[in-house]
Every structure is written in C-alpha cells, then in structure tokens.
Amino acid sequence: MALTLMKGSEAIAEAAIRNGARFFFGYPITPQTEIPEYMSARMPEIGGCYLQAESEVSAINMVYGAASTGARVITSSSSPGVSLKQEGISYCAGARLPCVILNVMRGGPGLGSIQASQGDYFQAVKGGGNGDYHLLTYAPASIQEAINIFSFAFDKAEKYRIPVLFLADGIMCQMMEPVEMPEMIDFKIDPEAKPWATTGFKPGDDPAKRAIINSLFINTEELTEHNNLLQATYREIEANEVMYETYLTEDADIVITAFGTVARIAKSAVNELRAQGIKAGLFRPITVWPFPYKELAEVTKNAKAVLDVEANEGQMLQDVKLAINGVLPVDYFGHCGSLMPTTAEIVAKVLEMKEGI
Amino acid sequence: MKKMYVLIGNYGSGKTELALNFAIKAAERGERTELLDLDMVNTYFRLTERGKMTRMKEIRLVSPNFACSGIETLSVPAEVASAFAMDWDTVVFDVGGDPTGANALGRYYQDFMALEEGALEVLNVVNTRRPLAGTVEKIVKLQQDMERYSRLKITGMINNTNLSTATSEADLRDGYEIIKQVSIETGKPVLYTSGKKEFLDKFLAEGHDPKYIGTPIAIDTYMQRDWDSWIDGLQ
C-alpha cells in the first residue's frame with residue numbers, strides 16, 4: 001500500500017477506526033483536538049458514533065458504558081483532561097473493561113502550556129486514579145509505531161480485560177510523517193468470546209449468567225478476591241507484554257534511556273556521539289507499564305553509566321534507577337517546561353559525564 | 001512593483017516551508033521583504049518559531065498577537081496593514097491550512113483589490129500525498145472552498161507533493177499527473193513545482209510537459225527538527 005503523509009492525530013484516529021473502534025467520546029483540548037475533529041467527520045461515514053461530551057468526566061463514563069457492551073471504544077484527551085478522567089479510568093480498570101485511552105501530553109501542572117511534555121509519566125504508570133491498578137501503557141515514538149501498536153492494542157485490551165493507555169506527547173499528534181495504514185478489519189462483537197459483556201439478556205436465559213459490569217465489592221473477601229484476580233492479570237502482562245527498542249547498546253559505555261519523541265532526539269545524539277568516537281547507545285521502553293526492568297538491567301550490564309533524558313523533571317528516571325538497582329551511576333537530563341531537550345544538549349551532557357567515568 | 005505572494009492550501013501541504021523559501025530567496029536577491037504569519041489555525045510548528053533566522057536574513061516577520069509557540073488563542077495583528085501600506089519589493093503571506101485557515105484573508109479583501117494588476121499571486125500549495133488532497137475531485141473542492149473563504153481568486157497552483165523524510169521524485173511525478181488534471185478541469189495554471197533539489201532535478205529530467213510544471217523551485221528545509229532524522233524502529 002502507498003505511503004501517505006499524515007498528521008499524528010489523523011493517523012491515530014484512522015488507525016483506531018480501522019481496528020474496529022466504532023465509538024468515540026471526548027472533549028476538545030489542544031494539542032489533540034484534531035482527533036475528535038477527525039472522528040466527528042469519520043465516525044458517521046462508517047456507522048460509528050462520535051459524541052462530544054460536556055466534559056472529560058462524562059466522556060470516560062460513556063467509554064465505560066460502551067465498553068460494557070463489548071464494543072471497541074476510544075477516548076482521547078490531553079493532560080488536564082486526562083486528569084479529569086482519572087476517576088472513570090479507575091472504574092474501567094476496576095470493572096475490567098477493555099478500552100483505549102489516549103493522553104497527548106502537554107505542559108503542566110494545571111493548565112500548563114499547550115506545547116509538548118512528558119509530565120504525566122507518573123500519572124500514567126504509578127496510578128492516576130484510586131486503587132491498586134495498572135493500565136497497559138504504550139509510549140510510541142513515531143506515527144507509524146502508533147499505528148502499528150493499534151493493530152494489537154484492542155486485542156490486548158480484550159485479552160486481559162484492561163484499559164490500554166497511549167502515552168504520547170503533543171509533537172506526536174501535531175507532526176506529520178509518511179505512514180502506511182492497515183486495512184479495515186471486520187470487527188463484530190462476539191457474545192461467545194465476551195461472556196462478561198452486556199450483549200443482551202433474553203427471556204429463558206440463565207439468570208446466573210447475566211453479565212454485570214461493576215467495580216463495587218462491599219464484601220471485603222470479595223474485593224480481595226477481585227483484586228487478586230487483577231494482580232494476577234498484571235503479573236501475566238508483565239511477563240508477556242514488555243516492549244522496548246535498543247540502538248547501538250551492545251558495546252555502549254553510556255546508555256541513554258528515553259521514551260517517545262525524546263527518544264528520537266536521543267537517537268540523533270547517539271549518532272552524533274558515535275561520530276565523535278564515543279560509545280553511546282539508546283534504550284527506549286515502548287511499554288512504560290509494564291516497564292522493561294529486567295531488559296534494561298541486561299542491556300546495561302557492560303555499560304559504565306546511564307543517562308535518562310526526559311521532557312519532565314525525571315519521572316521515568318525512578319524506574320530506570322529501579323532497573324539499574326545501584327549497579328551503575330544514573331544521571332538525568334531534561335526540561336520540565338514543555339521545552340524539548342535538543343540533540344546538542346544531550347551530546348554536551350554525555351561529554352560531561354564521560355569526564356567523570 | 002510590489003509583488004505579493006499568498007500561500008494557501010490543504011493543511012500540511014508545506015505552505016510554511018515554502019513561504020520561508022520564497023521570502024529567503026527574495027531577501028537574498030536584495031529585495032525588501034516582509035513575511036506574514038497569518039496562520040490562525042495551527043498552534044505547533046509555526047513560522048514564528050523561526051523568528052531569529054528570518055531577522056538574520058533581514059526579513060521583516062509579522063506574527064500573530066503575543067505569538068510564540070505556546071499561545072492558544074491567536075489573533076491577527078494590526079501590523080498586517082504594513083504589507084499593504086509600506087513600500088516592499090516582496091511580501092509573502094503564510095496562511096493557515098484548509099478553507100478554515102484561508103478565512104483569515106477575507107478581512108483584507110479591499111486591500112488586496114486595491115493592489116496594482118499583476119501584483120498579487122494567490123498560490124494553492126498542493127501535496128497530493130495528503131489524504132484530503134489526494135484526488136482531482138478533492139483538490140477542486142478544496143480550491144473552490146478556499147476561494148470562497150478567502151474572498152480571493154487562486155491565480156495558480158504549486159506542485160509541492162512530498163512525503164516529508166521519505167520523499168522521492170515519484171511523489172512529484174504522481175502529484176504532477178493529478179495537478180495536471182486539476183489544471184485542465186479548472187483552468188488554473190501550474191505556476192511552480194517545488195521540491196528538494198535532488199528530487200526536483202530527477203523529476204525535471206523525465207521530460208514532462210513544462211506547461212504543467214511552471215517555474216521549478218529547489219527548496220531548502222528550514223522547519224527541520226531534532227527528531228526528524230529518526231528512522232522508525234519497531235520490532
């Protein structure tokens with residue numbers, strides 16, 4: 001299929017649709033307003049539903065409703081909007097509802113700025129809403145990668161009955177790249193495959209098999225059992241779903257860790273450092289939950305130091321340190337005001353670290 | 001005579017990059033040049049982010065009020081009037097994408113109409129690799145809508161077909177075929193064909209009808225970012 005030049009927002013929206021999403025609920029917010037805009041034009045064309053809710057709180061609860069029927073549903077927002085959604089996200093996690101949520105991060109805290117940031121890493125992987133839960137969280141670094149992840153995101157969400165989160169930054173949605181779109185899949189709700197879904201209760205059906213979507217377990221034993229089930233699912237995901245990319249790490253003295261757009265800049269820095277004869281490499285988590293702890297430890301076993309680069313105060317840095325577990329020095333470089341680190345800055349930081357090794 | 005170029009077109013067709021190229025080339029010829037960022041639609045990747053570079057090239061840049069890349073509500077500054085009132089050799093308008101973006105021009109209808117005949121070129125920048133400008137029908141519709149919203153007649157088209165980092169001469173060729181049809185149907189001439197020099201040269205060597213090529217412009221990329229060199233690496 002031919003390549004087209006697509007904006008991240010358009011491509012992500014189209015990829016969701018091609019993978020069966022027929023419900024979009026959301027509320028506009030820069031830098032992802034083009035996603036609802038695209039959905040508003042596209043959903044009616046394919047018999048789907050686009051609904052602009054009165055707020056992000058409503059939108060995520062509409063997601064809860066649509067996901068309960070076994071349909072493929074998606075919502076998108078940017079940082080402040082995703083904060084508003086947290087209660088509903090926790091409910092979706094608690095009720096084990098498969099759905100896809102996009103956070104196109106902008107500067108924070110509060111209203112912050114409309115420019116790109118990675119400041120919601122903690123919110124994405126360390127909680128966000130209440131309770132012991134996780135979201136299967138992907139941090140794509142290119143538009144094509146986001147499209148590719150969509151080809152299995154709904155499958156994973158349904159397999160584990162878990163909300164999937166796309167953690168992107170504003171640049172991912174605003175930039176344009178050449179991409180190849182997958183074909184439209186023929187998705188239909190299969191009540192047999194989703195006995196948990198509220199697909200219709202007919203007279204004569206066994207009342208015991210009635211699907212109930214719920215996150216309330218008043219009885220503490222029942223809640224414990226429910227949570228044990230959730231935790232077992234998370235352990236299974238940790239064992240099977242970790243994704244990451246390595247670049248020139250085999251002989252690297254300094255391994256840079258970064259995710260999303262920042263990883264691209266870091267990759268340019270690695271190339272520049274290599275050209276100067278410095279053995280630098282890049283480790284890029286594609287899933288930030290589950291975080292590739294073991295893999296990062298393995299990749300860095302012959303390295304001398306690790307540099308974590310982020311467009312935040314150093315949030316993934318904590319996971320990087322957990323992975324390295326004190327074996328190597330771990331340094332950090334970044335900005336937390338929606339200012340992207342530059343190739344030159346990363347190169348300068350590595351050169352400075354090199355002095356100390 | 002003052003020459004005024006208004007670049008409109010489908011969202012993502014490459015207007016900003018071309019506007020910079022038009023302005024820089026004019027300034028390098030020693031012309032007094034003004035460049036106006038009239039993009040009221042997009043809040044990322046704006047001309048205004050290249051303010052320092054344009055100043056160094058002695059180009060006067062007019063940006064939206066309080067514009068920096070972080071502003072959400074854009075408004076047209078009074079300073080736009082300088083494009084019409086002052087004595088420039090070359091004026092370039094970088095307009096927002098789609099009919100929505102072209103809307104910002106409507107307010108200057110009387111100013112545009114007061115220009116000398118032949119001073120104004122309203123150019124539709126076309127990139128047929130963009131999904132919403134990928135067919136003759138789509139381009140014709142966009143063209144009609146942009147004329148209606150901007151209250152200006154498009155005087156010609158620019159074939160700027162590209163795939164960003166994955167561009168080759170094949171893109172210019174495919175764009176040529178589609179834009180040629182648009183030109184035959186609408187009577188709008190193809191005034192320019194633009195692209196990076198290496199692809200443009202290869203395309204020109206293929207011997208297509210010059211009538212649907214217009215003036216070739218070898219462009220430099222000024223809007224390049226630190227992350228653009230990255231090659232997709234999903235396992």
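Here the range B:113-140 is the region considered, the condition is being surrounded by fewer than 18 Cβ atoms within 10 Å (Cβ to Cβ) and small (Gly, Ala, Ser), and the residue that is farthest from B:ASP174 (Cα to Cα) is B:ALA114.
Quick check: is even one residue across the range B:141-157 within 20 Å of A:MET6 (Cβ to Cβ), within 14 Å of chain A (Cβ to nearest Cβ) and either surrounded by 16 or more Cβ atoms within 10 Å (Cβ to Cβ) or touching a strand residue (DSSP E or B) at 6+ places or on another chain (Cβ under 9 Å) (or both)? No, that holds for no residue. Set side by side, the residues A:ILE147, A:ILE185, A:ILE171, A:ILE143 differ, and just one is in contact (Cβ under 8 Å) with a residue 40 or more places away in the chain, hydrophobic (A, V, I, L, M, F, W, C), closer than 23 Å to A:VAL63 by Cα and surrounded by 21 or more Cβ atoms within 10 Å (Cβ to Cβ), which is A:ILE147.
Of the strands (runs of 3 or more DSSP E) contained entirely in the range A:201-292, those carrying at least 3 residues that are within 13 Å of chain B (Cβ to nearest Cβ) and surrounded by 12 or more Cβ atoms within 10 Å (Cβ to Cβ) fall at A:244-247, A:280-285.
Answer yes or no: is there a residue in the range A:188-198 that is within 13 Å of chain B (Cβ to nearest Cβ) and closer than 29 Å to A:ALA124 by Cα.
No; the residues of the range A:188-198 include none that is within 13 Å of chain B (Cβ to nearest Cβ) and closer than 29 Å to A:ALA124 by Cα.
Please find, within the range A:94-115, the residue that is nearest to A:ASP132 (Cα to Cα) out of those that are buried (at least 24 other Cβ atoms within 10 Å of the Cβ) and of a type in the set (A, V, I, L, M). Per the stated criteria, the residue is A:LEU97. Evaluated against (1) surrounded by 18 or more Cβ atoms within 10 Å (Cβ to Cβ); (2) among the hydrophobic types (A, V, I, L, M, F, W, C); (3) within 14 Å of chain A (Cβ to nearest Cβ), B:ALA170 falls short on exactly one condition, (1). Within the range A:106-143, the set of residues being part of a helix (DSSP H, G or I) and closer than 21 Å to A:PHE24 by Cα comprises A:ALA124, A:ILE143. A:LYS349 meets the stated requirement of being at pLDDT 95 or above and either within 26 Å of B:THR43 (Cα to Cα) or in contact with a strand residue (DSSP E or B) (Cβ under 8 Å, 6 or more places away or on another chain) (or both).
In this structure, is A:TYR121 more than 14 Å from chain B (Cβ to nearest Cβ), farther than 23 Å from A:SER9 by Cα, surrounded by 21 or more Cβ atoms within 10 Å (Cβ to Cβ) and among the hydroxyl-bearing types (Ser, Thr, Tyr)? It is false that A:TYR121 is more than 14 Å from chain B (Cβ to nearest Cβ), farther than 23 Å from A:SER9 by Cα, surrounded by 21 or more Cβ atoms within 10 Å (Cβ to Cβ) and among the hydroxyl-bearing types (Ser, Thr, Tyr).
For the range A:19-40, what are the residues that are within 13 Å of chain B (Cβ to nearest Cβ) and either part of a strand (DSSP E or B) or over 19 Å from A:LEU167 (Cβ atoms) (or both)? If the condition is that a residue be within 13 Å of chain B (Cβ to nearest Cβ) and either part of a strand (DSSP E or B) or over 19 Å from A:LEU167 (Cβ atoms) (or both), then A:PRO28, A:GLU37, A:TYR38 are the ones that fit.
Only one entry in A:VAL327, A:VAL299 is farther than 30 Å from A:GLY108 by Cα, surrounded by fewer than 16 Cβ atoms within 10 Å (Cβ to Cβ), among the aliphatic types (A, V, I, L, M) and more than 13 Å from chain B (Cβ to nearest Cβ), namely A:VAL327.
Within the range A:300-357, the set of residues being more than 27 Å from A:GLN276 (Cα to Cα) and among the charged types (D, E, K, R) comprises A:GLU313, A:ASP319, A:LYS321.
Looking at B:TYR44, B:TYR11, just one residue is of a type in the set (Phe, Trp, Tyr) and more than 25 Å from B:ARG151 (Cβ to Cβ), and that residue is B:TYR44. Evaluate the following for B:THR100: is it without any contact (Cβ under 8 Å) to a residue 60 or more places away in the chain, within 14 Å of chain A (Cβ to nearest Cβ), within 21 Å of A:SER9 (Cα to Cα) and surrounded by fewer than 22 Cβ atoms within 10 Å (Cβ to Cβ)? Criteria met by B:THR100. If a residue must be without any contact (Cβ under 8 Å) to a residue 12 or more places away in the chain and either more than 14 Å from every other protein chain (Cβ to nearest Cβ) or buried (at least 21 other Cβ atoms within 10 Å of the Cβ) (or both), how many such residues does the range B:26-68 contain? Total satisfying the criteria: 5. There is at least one residue in the range A:309-319 that is of a type outside the set (D, E, K, R) and within 14 Å of another protein chain (Cβ to nearest Cβ). Working carefully through the options A:GLY337, A:GLY314, A:GLY326, find the one that is modelled with pLDDT of 95 or more, under 14 Å from A:GLY119 (Cα atoms) and either not in a strand (DSSP E or B) or not charged (D, E, K, R) (or both). Unique residue meeting the criteria: A:GLY314.
Closer than 24 Å to A:VAL125 by Cβ, buried (at least 19 other Cβ atoms within 10 Å of the Cβ), at pLDDT 95 or above and not aromatic (Phe, Trp, Tyr): does that describe A:ALA13?
When the stated conditions are applied, A:ALA13 does not pass them.
From the list B:ALA133, B:ALA166, B:ALA104, B:ALA78, the one residue that fits, being more than 26 Å from B:TYR222 (Cβ to Cβ) and at pLDDT below 95, is B:ALA78.
Residues that are under 15 Å from A:ASN103 (Cα atoms) and of a type in the set (S, T, N, Q) were ranked within the range A:16-58; the one that is surrounded by the most Cβ atoms within 10 Å (Cβ to Cβ) is A:GLN32. Picking from residues in the range A:155-199 that are aromatic (Phe, Trp, Tyr) and assigned to a loop (DSSP other than H, G, I, E, B), the one that is nearest to A:ILE101 (Cα to Cα) is A:PHE187.
The values are calculated or read from the model by the stated rules, or taken from the named source; none is laboratory data. Source: prediction; values computed, not measured. Using ideal geometry, Cβ is built from the backbone for each residue, glycine included, and neighbour counts are taken over all protein chains shown.
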